[in-house]
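Colleague: Here you go, one structure.
None of the figures in this text is laboratory data; all of them are computed from the coordinates on show. This is a predicted model, so every value here is computed, not measured. Neighbour counts run over all protein chains shown; Cβ positions are idealised from the backbone, glycine included.
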Amino acid sequence: MPPRSTPRGCPDWATPMAADRQPPLQPTPARGERAVDALAVGAAFGLLAGLGEGAGLLAIQSARRSQWPITFSCGSEVLWVAPLLDLLLFAALALLGFLLCRLVRIAAPTRFVAAGAGLLLAFDWARLSGAMGRSLAAALAGAAGLLLLAVAWRRAATVATAARRSLPVLLLLALVAAGLDGWRRREPAPAVAAPSGAPDVLVVILDTVRADRLSCYGAERPTTPRIDALAAEGLRFTACFSTSSWTLPAHASLLTGRFPWEHGAHLAPLDDCWPVLPEAFRAAGWRTGAVSANLCFFHTGFGFGRGFDRFDDFGWSWPSRFAGTLAGREVLTRLDADSSASFLRKPAAAVVDRHLAWIDAAPERPAFAVLNFFDAHDPYQPPAATAGRFVGDGIAPAPMPSPAAGESRPWSDATLADELRRYDECLLAIDQQVGRLCDELERRGRLDRTWLVITSDHGESFGERGARLHRGSLHRDQLHVPLIVRAPGGAARGYTVATPVSLQALAATLVELAGVAGASFPGPSLGPLLRALASEDTGGAVDAATAALAEAAVLAELARHPWPEYRRRPCHDGAMRSLVRGRWHYLHHATRGHELYDWIADPREERDLAEAMPDVVATLDAELRRLLEEQLPHPATLDESDFSARPELAGIGYAGGG
C-alpha cells in the first residue's frame, strides 16, 4: 500500500488521522535523561538556596527581625557554609529522586527532580526568619514545586541545560562569598609598633562560673587544681562582683570599663558609644584576638568584634557549622537538649587550640587576647575525661527553702545535687584546658611575659532562695565571680584581697599594667595595689591602694525580662540594681522594693534584713542614686524589651539563662 501523502497546503503536523498526532501533554521519552542531569539540577538549586539563605540570615539577624532562638545566631561564615551544605544536600536528594523514578519506571525523572528541588528551595527561603510556621511554609513550597513541574513538563532538556549553564556562575558566587568572609576575617597589618618589651595580656573568662565552686575559693571538691596553682603564683580577689547576672552586659562592662547604666547593652547589642579594650591595645601596636565558645551572646553579631584583629566566633566543627544553617536549625529544634548542645557548643579544648594557632601565626608580636570557656554553662555536660569524676562523694548544695504557701517547688534537692555535680565536673574539664594552655604558653616562652587574668562573667544559682541558673536576679550567687591576676614572672605571689571590687575595673587595670599609651578607661585601676604587692611593699602603698578600692562603686544592674520563661524570677516584674558596700549587699527592685543582706555572714543571702535595718537601707539607697547620677546614662533603659536577646529554646544552653 503506497504511503499516504499530506494534503497540499497542509503543514506536516496537520495529518487528518488522529493516530498520527502526539498528545499535547505527553512527556518526551526519558531515555535521553541521565543521572548527571539530575545532579546538575540539584546542585544548581542547592547553591541558589544556600546563597539566598546565607545572605538572608545575616540580613534578618542584623535587622533584629529573626524569630529563631538566640542560640541559632550565625556569623559571616554562613555565606559560604550554607551554599556548600545545601549543594551537597540538594545534589544527594536529586540523585536519590532520579534513581527512585527510574526504579518505578516514571517517565521524565529530571522534571520531578527539578520540582522537588524547587519545593525545597521555596521552603528554605520561606523559613528564613522563622516567622512563618512550618505548615504554611510547606504549603507555599508545595505550590511552588507544582508550578515548576507544570512549567518544566515538556522541557526536560531545557531544565537540565539551564542547570548546567548556571552552575559555574553560582559556584563563582559561592567562592566570592567565601573570599569575602575570609577577607573580613583577615588580620590587618599593624599601624604602629608596640613598645619594646611589651607584655602579652590574656583574659580568660570562665563563663557562668561562680567563685565558690573553685577549690581555691573554698569549694569542697577539687575542681580547679591547675587554677589553684596559678592563684598561688598571683593575686586572688575574694570579693569580686560582676556588673550583671548574664553574659551580654557583663562582657560589655569588662571591655568598656562602664556599668550597664552607661554602656546600654542590657538587652540590645553593644554599640560604639564607648571605646573598648581591644581598640586601645590595637592602636598601641598589640595584636588583638578573641576566641569565644559562647556563640549566643559573646560574638560579633552583638557588637563585640570591634577592635579585635581576629574574633573567632564561628563554628569549631562541621556539625556546629551545620547548626547555623536552616536545615540544621530545623533538625536541632526536634532533637533533645543533650544532642543539641553537642552541636552548638565549642569545647574548651577547641578554644585553646584556636588561640594557640593564632599566637603561633605571629609569635614575635605582643598579644591582647580574650578567651571565653562555655563548658560550665547549663545544661552541664562534662566531657568523657571528667564525666562521673565526683559521683558518690555525697557533696550537694544546701537544701532549698520551703516554697511559699500555695506554691510548688519547681526542682527537687536531688535534681540540684546532680546538676551541681555535673557543673563541678565541667569546671574540672575547663581547669585541665587552662592548665594545658599555660603549659603551651610556657613551652613557647610566653607565660612569664604575660599578664594573665582568670575571671567569670557571672555566677549561677543552685537552690538559693529556690532559684537555679542565672539572669534572674542580682543576688550574690549570680554576681560573685573569681578574679585571679598573675603577673609576668609570678610577681605579687600568693596574696589575697578581701576588699569588694567590680569586674568593671578590669579595663583601666589592664591598660595600666600593660603600659598602653593614650588609653583611658574609668577607674579604679587595680594596678596600684598589684604594683605595691609586686614590690613587696606591705606598708603604706598597699594600705593606700586598698583604701582607694574600698571607696569604689561595686554596682550591678539587670533589665526587666517580661517574658513567660522568667515568670518565677524577680526580673520578670521589673528592673533591678544592686550595690555592695563593705559587708552589705543592697538590692533595689523597680516594683518589689528593697532587699538588704549581710553577704559575709549569710553568703546564700536568704535572710533579708531590709525591715530590721531601715537606716542602712536608706544610706545605701541614697548612695546608689548618687552613683547613678554621677555616671553618663545611655539612651537604652533597663525597662526596654529587645526580642533579639530573648532565649526561647530551652535545654541547649539558654533555658532562660544567659
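Colleague: Determine the percent antiparallel among the DSSP beta bridges restricted to the chain, to the nearest 5. List each step's numbers first, then the result.
Modeller: On the way: 27 of 53 bridges.
Of all bridge pairs located within the chain, approximately 50 percent are antiparallel.
Colleague: What is the local net charge at HIS572, summed over the other residues whose Cβ is closer than 12 Å to its Cβ (Lys, Arg +1; Asp, Glu -1)?
Modeller: Details: positive: ARG471, ARG560, ARG567, ARG568, ARG569, ARG592; negative: GLU565, ASP573.
Computed value for this residue: +4.
Colleague: Can you give me the relative contact order of segment 436-531 as a percent, contacts being Cα pairs under 8 Å and 6 or more apart?
Modeller: Values: 99 pairs, mean separation 22.4, N = 96.
Relative contact order comes out at 23 percent.
Colleague: At most 10 other Cβ atoms within 10 Å and a DSSP loop assignment: could you name the trypsin sites (Lys or Arg not before Pro) in segment 523-571 that fit? It would help to have the intermediate numbers written out before the result.
Modeller: Numbers: sites: ARG531, ARG560, ARG567, ARG568; in loops: ARG560, ARG567, ARG568.
Loop-located and lightly packed - none at all.
Colleague: Which order do the peptides 115-122, 266-273 come out in when sorted by mean C-beta neighbours inside 10 angstrom, highest first?
Modeller: Details: 115-122: 23.5, 266-273: 18.6.
Most protected by this proxy first, the peptides run 115-122, 266-273.
Colleague: If each of ALA162 and GLU606 carries a label point 7 Å out from its Cα toward its Cβ, how far apart are those two points in nm?
Modeller: Roughly 7.0 nm, to one decimal.
Colleague: I've got another one for you. Give me ARG127, ARG111, ARG409 sorted ascending by neighbouring Cβ count inside 10 Å, so fewest comes first. List each step's numbers first, then the result.
Modeller: Numbers: ARG127 24, ARG111 27, ARG409 13.
Arranged by neighbour count, lowest to highest, ARG127, ARG111, ARG409 become ARG409, ARG127, ARG111.
Colleague: Compute the length gained on full extension between THR591 and ARG65: take 0.36 nm times their separation in residues and subtract their Cα-Cα distance, giving the result in nm to one decimal.
Modeller: Numbers: separation 526, 0.36 × 526 = 189.36 nm, distance 3.02 nm.
Result for the pair: 186.3 nm of gain on full extension.
Colleague: A further question on this structure: Would you mind calculating the gained length between ALA548 and SER412 on full extension (0.36 nm times residue separation, minus the Cα-Cα distance), in nm to one decimal? Spell out each step's value before the answer.
Modeller: Working: separation 136, 0.36 × 136 = 48.96 nm, distance 4.43 nm.
Extra length available between ALA548 and SER412 comes to 44.5 nm.
Colleague: Would you work out the relative contact order for the chain, in percent, from Cα pairs under 8 angstrom that are 6 or more residues apart?
Modeller: On the way: 1290 pairs, mean separation 116.4, N = 658.
In percent, rounded to a whole number, it is 18.
Colleague: What is the extension gain from ARG389 to ILE106, computed as 0.36 nm multiplied by their sequence separation minus the C-alpha to C-alpha distance, in nm to one decimal? Before the final figure, lay out each step's value.
Modeller: Working: separation 283, 0.36 × 283 = 101.88 nm, distance 5.89 nm.
My answer for the length gained is 96.0 nm.
Colleague: I've got another one for you. Counting pairs of alpha carbon atoms under 8 Å apart in space and at least six apart in sequence, what relative contact order in percent does segment 258-386 give? Each step should come with its number before you reach the end.
Modeller: On the way: 152 pairs, mean separation 36.7, N = 129.
Reported as a whole number, the value is 28 percent.
Colleague: If a helix is a whole DSSP H run, which ones in the chain reach 27 Å or further along their own axis (Cα) and hold a mean Kyte-Doolittle hydropathy of at least 0.0?
Modeller: Values: long enough: 35-62 (40 Å, 1.40); 78-103 (36 Å, 2.25); 156-184 (41 Å, 1.07); 413-443 (45 Å, -0.55).
Result, helices passing both filters: 35-62, 78-103, 156-184.
Colleague: Amide H neighbours of ALA131 under 5 Å, counting only residues 5+ apart in sequence or on other chains, H built in-plane at 1.01 Å?
Modeller: Amide H neighbours of ALA131: GLN67.
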